[in-house]
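One structure is given below, encoded as structure tokens.
Each reported figure results from applying straightforward, stated rules to the coordinates on display, with no laboratory input. Since the structure is predicted, the reported quantities are computational estimates derived from the model, not experimental observations. Cβ placement follows ideal geometry from the backbone for every residue including glycine, while neighbour counts extend to all protein chains displayed.
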Amino acid sequence: LQERYNAFRPDDINRLAKMIPSHVDNVRLVIDINNMASAYGMVLKNIEVGQAVATTSGGTGIIKSDGPEHLDFLLTVSGSYQALKLFLTDLGKSLRIVDITDLNFGAKDADVYDFTVGLRTYWLQDR
């Protein structure tokens, strides 16, 4: 088993660890998202972090994990529609797996909108 593990390049192992980490690092994720938004002149604000949730299934009182845990975020970014499209494209290309669960917008000024984005991120539980 160790030989098979060592057959992977360290860079590939690091990329996998970033894709689905072994723990939630919501501070690092918010910093990464802020950097993506800032690249397009967008301002990140009103960040709400939900409760961590384990995906479970069971029967007859037995609960077992059958998937990764997840954490929901709700955040607001201000900027143009074009900037939002570029920001969402970057989010989709990011190694960290995030699902967009919600998207709402409201007018702020001419060509500037407040976009409320719901995100879900995942991590593997310790087994």
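Per the Debye calculation on the range 73-123 with a single equal scatterer at every Cα and no solvent contribution, log₁₀ I(q)/I(0) for q = 0.24, 0.30 Å⁻¹ amounts to -0.91, -1.21. Each Lys or Arg adds one and each Asp or Glu subtracts one; over the other residues with Cβ under 15 Å from the Cβ of MET36, this totals +4.
A cut-off under 15 angstrom between Cβ atoms defines the neighbours of LEU71, and their net charge, with Lys, Arg +1 and Asp, Glu -1, is -4.
3J(HN,Hα) along the range 27-35: 5, 4, 5, 5, 4, 4, 5, 4, 5 Hz, from the Karplus curve 6.51 cos²θ - 1.76 cosθ + 1.60 with θ = phi - 60°, whole Hz, x for Gly and Pro.
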